[in-house]
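Peer 1: Let me begin by handing over the structure; questions about it come next.
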Amino acid sequence: MAATVRSVWKSVIDVGGLPLDVVVAGEAPSGWTPGAPARITGCVEASREGPPAAGRSVLGPAPGYERAYATMAAALAADDTVGLLAVPGAGEYRLRSLGEALVVEWGRAASAEEARGFTEAELAGALMVLRALPRRLPTRSNGAEVAASGPAPVVDLMQARRARGR
């Protein structure tokens with residue numbers, strides 16, 4: 001059976017006259033045709049951006065635009081703003097920074113659960129799995145060293161405090 005190669009969706013966002021080429025390897029923004037240019041027409045405080053979105057796509061930087069992409073994601077996060085994108089023939093989208101990623105959102109969700117894309121029970125299950133993992137301090141080494149030596153030892157912080165006399 002031959003592997004199916006999915007094409008990458010590409011577009012460009014005009015940020016104050018500067019181009020930011022972006023790609024999506026997964027599901028493209030609904031209604032935004034490949035190659036259709038977008039333009040940031042304004043920004044709004046994240047706390048005032050409105051109802052939850054019905055859909056979202058995580059954008060990635062096109063080759064050669066990694067630095068501009070990272071800078072835009074950092075700027076939106078630092079200012080706690082959401083960019084408003086106009087796409088000719090497709091309407092308005094919202095551009096948000098989540099961590100170091102840019103996310104395009106569109107539409108209006110009927111409920112918070114629809115907007116999140118998971119149920120409270122699924123969230124509880126994921127939290128239970130994470131909370132069952134041991135707590136430890138991170139290591140600052142390259143991946144090859146960690147893979148060769150196995151996981152770092154778990155540090156008992158209470159034992160360290162007792163040893164210091166606190």
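Peer 1: Remind me, relative contact order of the chain in percent, using alpha carbon pairs under 8 angstrom and six or more residues apart? List each step's numbers first, then the result.
Peer 2: Details: 237 pairs, mean separation 30.7, N = 166.
This gives 18 percent for the chain.
Peer 1: Net charge near V103: determine it from the other residues with C-beta under 9 Å of the C-beta of V103, scoring Lys and Arg +1 and Asp and Glu -1. Mind dumping the intermediate values first?
Peer 2: Numbers: positive: R56, R94, R96; negative: E105.
Result for the neighbourhood of V103: +2.
Peer 1: I've got another one for you. I want the local charge near A36. Using Cβ-Cβ distances under 14 Å, sum +1 for each Lys or Arg and -1 for each Asp or Glu among the other residues. Spell out each step's value before the answer.
Peer 2: On the way: positive: K10, R39; negative: D14, D21, E92.
For residues surrounding A36, the net value is -1.
Peer 1: May I ask you to give the percent of accessible area on the stretch 1-109 that is carbon plus sulfur, with a probe radius of 1.4 Å? If you can, show how the numbers build up before the last one.
Peer 2: Numbers: 3460 of 6230 Å².
So the carbon and sulfur contribution to the accessible surface is 55 percent.
Peer 1: With viscosity set to 0.890 mPa s and temperature to 25 °C, compute the Stokes-Einstein D of the chain, Rh being the Kirkwood radius across alpha carbon pairs; µm²/s, no decimals. Walk me through the numbers on the way to the answer.
Peer 2: On the way: Rh = 19.2 Å.
D = 128 µm²/s.
Peer 1: If you don't mind, another one. Sorted by mean Cβ packing within 10 Å, highest first, what order do the peptides 62-69, 25-32, 101-108 take?
Peer 2: Values: 62-69: 13.9, 25-32: 15.8, 101-108: 19.2.
So the peptides 62-69, 25-32, 101-108, ranked by packing, come out 101-108, 25-32, 62-69.
Peer 1: Once Lys and Arg get +1 and Asp and Glu get -1 on their Cβ, which of G89, M128, A112 lies farthest toward the positive end of the dipole of the stretch 78-130?
Peer 2: Looking along the dipole axis, the top candidate is G89.
Peer 1: Using a simple spin-label model with points 7 Å from Cα along the Cα→Cβ vector, what separation in nm is obtained for R164 and D79?
Peer 2: Those two pseudo-labels are separated by 4.1 nm.
Peer 1: So, one more: For A90 and E66, FRET efficiency with R0 = 25 Å and r from the beta-carbon atoms, rounded to 0.05? The partial results should precede the final answer.
Peer 2: Values: r = 26 Å, r/R0 = 1.03.
Calculated transfer efficiency: 0.45.
Peer 1: Kindly report the accessible area of the chain per residue (heavy atoms of protein chains, probe 1.4 Å, no ligands, DNA or RNA), in Å². Present the calculation step by step, with values, prior to reporting the outcome.
Peer 2: Details: 11310 Å² over 166 residues.
Here the residues of the chain average 68 Å² of exposed surface.
Peer 1: From the helices alone, meaning DSSP H stretches of at least four residues, give me the mean residue ellipticity at 222 nm for the chain, per-run term -39500 (n - 2.57), in deg cm²/dmol to the nearest 500. Let's see the in-between values first.
Peer 2: Values: 5 runs with 47 residues, N = 166.
Mean residue ellipticity, 222 nm, calculated: -8000 deg cm²/dmol.
Peer 1: Something else now. In debye, nearest 20, what is the charge dipole magnitude of the chain about its Cα centre with +1 on Lys and Arg Cβ and -1 on Asp and Glu Cβ, if you could check? Display every interim value, and only then the final one.
Peer 2: Details: 18 positive and 17 negative charges, 174 e Å.
Value, rounded to 20: 840 debye.
The values are calculated or read from the model by the stated rules, or taken from the named source; none is laboratory data. Owing to the predicted nature of the structure, the values given are computational and were not obtained by experimental measurement. Don't worry about glycine lacking a Cβ; one is built from the backbone with ideal geometry, like all the others, and counts go over all protein chains shown. Calculation scope for accessible area: heavy atoms of the full protein, side chains included, ligands and nucleic acids excluded. Shrake-Rupley method; radii C 1.70, N 1.55, O 1.52, S 1.80 Å.
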